[in-house]
1. Of everything in region 33-53, what is within 23 Å of Ile122 (Cα to Cα) and surrounded by 15 or more Cβ atoms within 10 Å (Cβ to Cβ)? Give them in sequence order.
2. Do the conditions hold for Asp214, that is, is it open to solvent by 20 Å² or more (accessible area, probe 1.4 Å) and closer than 26 Å to Ala104 by Cβ?
3. Hey, can you tell me all the residues within region 191-211 that are charged (D, E, K, R) and either at pLDDT 95 or above or surrounded by fewer than 18 Cβ atoms within 10 Å (Cβ to Cβ) (or both)?
4. Filter region 52-75 down to residues that are part of a loop (DSSP other than H, G, I, E, B) and either modelled with pLDDT under 90 or closer than 21 Å to Thr189 by Cα (or both) and give me whichever is nearest to the chain's Cα centre (by Cα).
5. Would a scan of region 3-18 turn up a residue that is touching an Asp or Glu at 6+ places or on another chain (Cβ under 9 Å) and modelled with pLDDT under 85?
6. For Leu219, all conditions in the list (1) without any contact (Cβ under 8 Å) to a residue 40 or more places away in the chain; (2) in a helix (DSSP H, G or I) hold save one; what is the number of the exception?
7. I'd like to check something: does region 181-191 contain any residue that is under 27 Å from Gln47 (Cα atoms) and touching a Phe, Trp or Tyr at 6+ places or on another chain (Cβ under 6 Å)?
8. Please verify whether Asp185 is surrounded by fewer than 19 Cβ atoms within 10 Å (Cβ to Cβ) and either in contact with a Lys or Arg (Cβ under 6 Å, 6 or more places away or on another chain) or more than 29 Å from Val59 (Cα to Cα) (or both), treating the condition exactly as stated.
Amino acid sequence: MTQSLAPETKDCSDCPIRHRAVCAKCETDELALLEDIKYYRSFSAGQTVMWAGDRMEFVASVVSGVATLTQTMEDGRRQMVGLLLPSDFVGRPQRETATYTVTAASDVVMCCFRRKPFEHMIANTPHIAHRLLEMTLDELDAAREWMLVLGRKTAREKIASLLSIIGRRIADLSDKKSGQSITFDLMLTREAMADYLGLTLETVSRQVSALKKDGVIVLEGKRNITIPDMRRLMEEAGDDSDGGLLF
């Protein structure tokens, strides 16, 4: 497993993902138990967090940054199969080896839990087990919705869908109210977006420019994006404001 940068220390009370992470429903005494088995790790953009087939010594929550999940076929072809955004869970309890390769798409900070003690807590702490089940079902719903994105949506709708997913996650973490504009730095390169969406780099660039020209997004530089009206972006994605993609 790739060695990360030096472990960091953080206070749970200041955690930006506290209300969405696997520990969201924990009581004070349960958080104290988690405190004993947790540590923080930072990974630089492009660094491998874990390789498929590696023995998993930890599970984790993404605190900041974006990571990718990829799977490689026997002939060397590689496919990005998922994104890990802040508050997403990394790894699978009760499984000793990693199924997918996890790579930091940007600088990433993860709150890690030693796997064996965490599995023990799942068995003895209903709040953690229940929250992990909720997150797993949300991930299943999102995967089913993403099949629609890849299989039926146009290139423009695919780009709008991806920006909508990231924008809504940022809005939720920052407690933005409905109707407010959302600004964030897009941590995925255009190459990564093309890989994930099954598009060419040229198509991604062209559609991002078209969304900017039509006022759906405001783009400063290559990464800084403002979504003035999330409802309009969701319409461009082919989703309605009451449903659409889960994340």
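1. Passing the criteria: Leu33, Leu34, Ile37, Lys38, Tyr39, Tyr40, Arg41, Met50.
2. Values: open to solvent by 20 Å² or more (accessible area, probe 1.4 Å): yes; closer than 26 Å to Ala104 by Cβ: no.
In short, no.
3. Correct list: Glu191, Glu202, Arg206.
4. Only one residue fits best here, namely Val66.
5. The answer is yes; a qualifying residue exists.
6. (2)
7. no
8. Yes; evaluated as a whole, the condition is true for this residue.
The values are calculated or read from the model by the stated rules, or taken from the named source; none is laboratory data. Only a predicted model underlies this, so the values are computations on that prediction, with no experimental measurement involved. Cβ atoms come from the backbone with ideal geometry, glycine included; neighbour counts cover every protein chain shown. Ligands, DNA and RNA are excluded from the accessible area calculation, which covers all protein heavy atoms including side chains. Shrake-Rupley method; radii C 1.70, N 1.55, O 1.52, S 1.80 Å.
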